[in-house]
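Accompanying notes for the structure given below.
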Amino acid sequence: MSSDAVRVAIEGAVGWIRLNRPESMNAMSPDMKTGIDSAITRLEADSKVRVAVVTGEGRAFSAGGDLKGFKSMAEARANEAFLANLRESMRVFRRIETSRLPFVAAVNGFAVAGGLELILCCDIVLAAQSAQIGDGHLKYGVVPGAGSSVRLPRKVPENVARMLLLTGRLYPAARWREWGLVDEVYPDGDLLAEADKLARHIAALSPLGVASVKKLVLDGLEKPVEQALADEIAAMGSYIASADFLEGLTAFAEKRTPRFTGQ
């Protein structure tokens, strides 16, 4: 499936979402958000897909919101339309965060403002050595509207998050790896191959187990420890009835690689 703003491809168990407005550094226009939303729906509906990778075409992952569009709405005093646009960004990005699929961000270049907010919703972040990442909102007098003020302090040390949000500065991928948001940094030419390798590794695991762990981590961050621990036991109680659970134990006993079916 393809569109002008977003291209989608399914390669085995891996779904690829490619942001495709290189002429605007993949700015988050309404049609791009619609394309991302449709891509998520497509990949989630395909039982063969077990992992999703998000990357950008050209020299940017995403430079963030469409500031020219923002300016037009500000001049027209279209405040409700502006807020509706931000709410749509929040809704679409939240779908990534709560999807049954693990999402891998392959950050190929500049990732600013809305681009960072998209990364913050992904489960694993890989980046090219040349990638430059930052919040950037205040640089042009904009306040975050798709989650960076909420998610960034949960992903990196609070003092670092404050510095990044309040300065709007960009930093190289290696620095973000030190702060903990970026998991691995690769030479530019190796990024997509490494993202594919990681995605295929995850895709070989139990999709039921992967989805369960993703949900436990996301929900557990917002709950008291005792409740989160009880939820973990409850999740295991459901999982032990699955064929995947028995297959994993059987493969271990037989000294072979498990063949998980998601059943």
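A few comments on the model shown:
- If you go through the stretch 121-134 and keep only what is closer than 15 Å to residue 36 by Cα and either out of contact with any Asp or Glu (no Cβ under 7 Å at 6 or more places or on another chain) or of a type in the set (D, E, K, R) (or both), you end up with just 122.
- Annotation note: of 56, 64, 145, 114, the sole residue that is on the phi > 0 side of the Ramachandran plot and not charged (D, E, K, R) is 64.
- Residues of the stretch 198-244 satisfying the condition of being under 25 Å from residue 14 (Cα atoms) and free of Cβ contacts under 8 Å to residues at least 12 places away in the same chain: 201, 213, 217
- Some residue of the stretch 79-98 being in the same structural domain as residue 149 (by TED's automatic domain parsing), modelled with pLDDT of 95 or more, in contact with a Pro (Cβ under 7 Å, 6 or more places away or on another chain) and farther than 23 Å from residue 142 by Cα: no
- Residue 130 hydroxyl-bearing (Ser, Thr, Tyr) and assigned to a helix (DSSP H, G or I): no
- Residues that are among the aliphatic types (A, V, I, L, M), more than 19 Å from residue 110 (Cα to Cα), free of Cβ contacts under 8 Å to residues at least 40 places away in the same chain and not in a loop (DSSP other than H, G, I, E, B) are absent from the stretch 136-149 altogether.
- Residues being assigned to a strand (DSSP E or B), closer than 30 Å to residue 208 by Cβ and not charged (D, E, K, R) - total across the stretch 18-62: 6
- From the list 51, 6, the lone residue that is in contact with a Pro (Cβ under 6 Å, 6 or more places away or on another chain), at pLDDT 95 or above and not basic (Lys, Arg) is 51.
- Residue 215 fulfils the conditions (1) crowded, with 19+ Cβ neighbours inside 10 Å; (2) within 27 Å of residue 258 (Cβ to Cβ) except for a single criterion, (1).
- Residue match in the stretch 56-64 (condition: surrounded by fewer than 22 Cβ atoms within 10 Å (Cβ to Cβ) and within 15 Å of residue 99 (Cβ to Cβ)): no
- Residue 165 out of contact with any His (no Cβ under 7 Å at 6 or more places or on another chain), surrounded by 23 or more Cβ atoms within 10 Å (Cβ to Cβ) and assigned by TED's automatic domain parsing to the domain that holds residue 12: no
- Among the criteria (1) more than 25 Å from the chain's Cα centre (by Cα); (2) in a loop (DSSP other than H, G, I, E, B); (3) modelled with pLDDT under 95, the one residue 247 does not fulfil is (2).
- Qualifying residues in the stretch 75-95 (those that are surrounded by 21 or more Cβ atoms within 10 Å (Cβ to Cβ) and hydrophobic (A, V, I, L, M, F, W, C)) - the one nearest to the chain's Cα centre (by Cα): 93
The values are calculated or read from the model by the stated rules, or taken from the named source; none is laboratory data. Note that the structure is a prediction, hence the values are computed from the model and not measured. Note: ideal-geometry Cβ built from the backbone for every residue, glycine included; neighbour counts use all protein chains shown.
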